Amino acid sequence: MDAATRDLIWHNLWPMLQATVQKTIPLTIISFILGLIIALFVALARISKIKPLSLLARFYISIIRGTPLLVQLFIVFYALPQFNVVIDPFPAAVIAFSLNVGGYAAEVIRAAILSIPKGQWEAAQTIGMKYPTALRRVILPQAARTAVPPLSNTLISLVKDTSLASTILVTELLRVAQLAAAPTFDFFALYGVAAVYYWVICLVLSFAQNRLETRLDRYVAK
């Protein structure tokens, strides 16, 4: 590695870290939280006995899982303005990522809920709990233990998928690396630094996942 490349990396470490902290991480957190909220409602609709509601949830999941995330981003940011719906880059990315997470996480949550023995539902009903209360206090805490590993994988994938936001002009980590490397065409060095940033974030999330799984073990029915 020559001196010019080392200087290029050194001078862009801080701007790339700023982009990570100010854009990539907030984009991930906001999208994941909103996506989980969407996913919970979609999962409940999916297992609902109300047929139209269940069919609507199936259709939503099918659309999300059957189309590329990049296409979803382009529809929100580039296609909607044709219908006079103009959304700034960051909110557009949040919308697209949240909807995408919602589609994938809904099936994870649905499977986790269905994995809880029916006896847990019956026991809750026996002591007078209504459906929302039983769901909140009995079923979801136990289902969370089953759902954590796949949902954590979804979160880790989302961290990496945020790089696609650069295609709609969000100045996140990859976008900053692209702009910094463009004048010198030294893409390998700066893309390598970006890869290290993504890797570190994913390592931290994997550690947090393990800790969370341990804490949720107490909710598993023995």
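The values are calculated or read from the model by the stated rules, or taken from the named source; none is laboratory data. Keep in mind that what you see is a predicted model, and the values were worked out from it rather than measured. Glycine also receives a Cβ, built like all others from the backbone with ideal geometry; neighbour counts cover every protein chain displayed.
In region 68-93, what count of residues is obtained for those that are closer than 25 Å to Leu173 by Cα and either touching a Lys or Arg at 6+ places or on another chain (Cβ under 8 Å) or not in a helix (DSSP H, G or I) (or both)?
Of the residues in region 68-93, 5 are closer than 25 Å to Leu173 by Cα and either touching a Lys or Arg at 6+ places or on another chain (Cβ under 8 Å) or not in a helix (DSSP H, G or I) (or both).
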So, of the residues in region 22-64 that are among the aliphatic types (A, V, I, L, M) and outside any helix (DSSP H, G or I), which turns out to be farthest from Tyr197 (Cα to Cα)? Ile50
Just for region 96-142: of the residues that are under 18 Å from Ile33 (Cβ atoms) and surrounded by fewer than 19 Cβ atoms within 10 Å (Cβ to Cβ), which one is modelled with the highest pLDDT? Leu140
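Going through Leu13, Leu36, Leu40 one at a time, which residue ends up being of a type outside the set (Phe, Trp, Tyr), within 30 Å of Phe185 (Cβ to Cβ) and in contact (Cβ under 8 Å) with a residue 40 or more places away in the chain? Please lay out each step first, then the result.
On the way: Leu36 fails: within 30 Å of Phe185 (Cβ to Cβ); Leu40 fails: within 30 Å of Phe185 (Cβ to Cβ).
Just one listed residue meets the conditions, Leu13.
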Could you tell me whether Leu158 is surrounded by 18 or more Cβ atoms within 10 Å (Cβ to Cβ) and either of a type in the set (Asp, Glu) or more than 21 Å from Arg6 (Cα to Cα) (or both)? yes
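Considering every residue within region 182-190, establish whether at least one is touching a residue at least 24 places away in the same chain (Cβ under 8 Å), part of a helix (DSSP H, G or I) and of a type outside the set (A, V, I, L, M, F, W, C).
At the first step, the residues of region 182-190 found to be touching a residue at least 24 places away in the same chain (Cβ under 8 Å) are 184, 186, 189-190.
In the following step, the residues that additionally are part of a helix (DSSP H, G or I) were identified as 189-190.
Cutting the leftovers down to of a type outside the set (A, V, I, L, M, F, W, C) gives us none.
Checked region 182-190: no residue is touching a residue at least 24 places away in the same chain (Cβ under 8 Å), part of a helix (DSSP H, G or I) and of a type outside the set (A, V, I, L, M, F, W, C).
Quick one: which of Leu169, Leu205, Leu174 is out of contact with any strand residue (DSSP E or B) (no Cβ under 7 Å at 6 or more places or on another chain) and surrounded by 20 or more Cβ atoms within 10 Å (Cβ to Cβ)?
Values: Leu169 fails: surrounded by 20 or more Cβ atoms within 10 Å (Cβ to Cβ); Leu205 fails: surrounded by 20 or more Cβ atoms within 10 Å (Cβ to Cβ).
Just one listed residue meets the conditions, Leu174.
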Find the residue count for region 1-21, including only residues that are assigned to a helix (DSSP H, G or I) and charged (D, E, K, R). 2
Within region 129-179, residues of a type in the set (D, E, K, R) and within 22 Å of Leu99 (Cβ to Cβ) come out as Lys160, Asp161, Glu172, Arg175
